[in-house]
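Nothing in this text is a laboratory measurement; each read-out follows from the coordinates by a stated rule. Nothing here was measured: the structure is a model prediction, and the numbers come from that model. Neighbour counts are summed over all protein chains in view; Cβ atoms, including those assigned to glycine, are modelled from backbone coordinates with ideal geometry.
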Amino acid sequence: MANVSFEQQLTFDREVSRITAALDQARKRGLKISQDLYVYSAASASLDRLLPAEALAGGREQLEQRLADPDQRSRIAAAMKQSLIQSGRTNYAHAVLVLARRYKAIQGLTIPDATQSRRGTTSLDAQIDLILEIAKNGGASIILYEMNENDLLPFLRQPETMFASDSGVFQTKTESQHPRGYGNAAHVLARYVRTEKQLPLEEAVRRMTSLAASTFQLKDRGEIREGAWADLVIFDPSTVQDQATFASPHVCATGFKHVFVNGVETVASDRHTGAHAGQPVRRGK
C-alpha cells in the first residue's frame, strides 16, 4: 500500500465518493455502465509509465531517437524529476524492475537498489539516468506500488463491480510477473470474503460469474442451470487461498477441489489434470 498523508487520504476519499456517486446517478438516468475492480494494491506496467507523455509520442522508435539526443534527453529527465517531486516522492522506490531482458542482474530490485548496483549511487539523477538507459535499450516491465487499498474498498462494495485480474495469457514463467494471473479469484475469496468480511461469499461468486457473463453477453455462461455450459468450481471457503506473491508470482492458488471446464474435470485437488477443454467464447445472446 502506498504511504500517504492524512490530507492526501482525505482528498482520495472525496474523489472516490464523487466517482461512486456519479456512477449511481448515471445508472438512475438509465445509462448502462459496467465497472470492474483490480484487487491488488500494486500494478504491473511498462517502464515507459515513468516517462512523460511527450517523450512517448510517436512510438518507441521516436522515443529512442529522443533519448539519443542529449538536449532532448536532458529535457525528459528534468520533466521526470519535476513530476516525481510533484507526486510527493523523493525517489523511485515504489517501482520494481521485474522483467528487463538486457538487465537480468537487476531484475527484482527497486529502482534505487538497481541504480546502486549499476551506478554505485542512489542519487535521483542516477536513478533517472538508469531508467532512460533501460527505456532506450528495449524497456522493461515494472511493478508499481502506488495504490492505496482503502480507495478500492468503496468500489468493491458496489453491487455492480466485477473483479478483474487484468492479466494476459502467457506461456512461460518469464511472461507474467504479477500474482494476479494466478491468484485473483482466490485473493478475493480469502482476503475480502473470509478475512475482512467485506462481502458475503455468494455475492463475491456472483460478481465473478453471472455478473461478468451478463455484462459481456456470454450466452449460457456464469450460471448453474439446465442448458448452460458446465463450468463449475468446487472449493472450500475456509481454506481457499491465493499463494502467488510479488516475490514469487508463479504459484497456483489452493483450496480448489474440482474445476470443470465445459463439463470436463480440469483441476482435481489443486492439480491440473492435463485436460484442455476450453474453447473460444463468443459474445451474443
Next item on the list: Compute the relative contact order of segment 101-167 as a whole-number percentage, counting only Cα pairs closer than 8 Å that sit 6 or more residues apart in sequence.
Entry: 23
Item checked: Options ALA79, LEU109, GLY138, ranked by Cα towards positive dipole end of segment 43-144, top entry (Cβ charges) -> LEU109
Notebook entry, point to check: How long is segment 169-285 along each principal axis, judged by its Cα atoms, biggest number first, in Å?
Noted result: 42, 35, 25
Notebook entry, point to check: Taking H as built 1.01 Å from N, whose amide H comes closer than 5 Å to the amide H of PHE163, not counting residues under 5 places away?
Noted result: LEU37
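For SER117 and ALA275 in the same chain, what is the full-extension length gain: residue separation times 0.36 nm, less their Cα-Cα distance, in nm?
Once the chain is fully extended between SER117 and ALA275, it gains 52.4 nm.
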Next item on the list: Sort VAL188, VAL264, VAL233 so the one with the fewest other Cβ atoms within 10 Å of its own Cβ comes first.
Entry: VAL264, VAL233, VAL188
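So what is the relative contact order of the chain, in percent, for Cα pairs below 8 Å that sit 6 or more residues apart?
Working: 414 pairs, mean separation 48.2, N = 285.
Relative CO of the chain lands at 17 percent.
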Item checked: From the coordinates shown, percent of Cα pairs over 29 Å apart corresponds to which of (i) 37; (ii) 30; (iii) 47 -> (iii)
Check: Size of segment 43-144 along its principal axes in angstrom, Cα-based, largest extent first?
Finding: 29, 29, 27
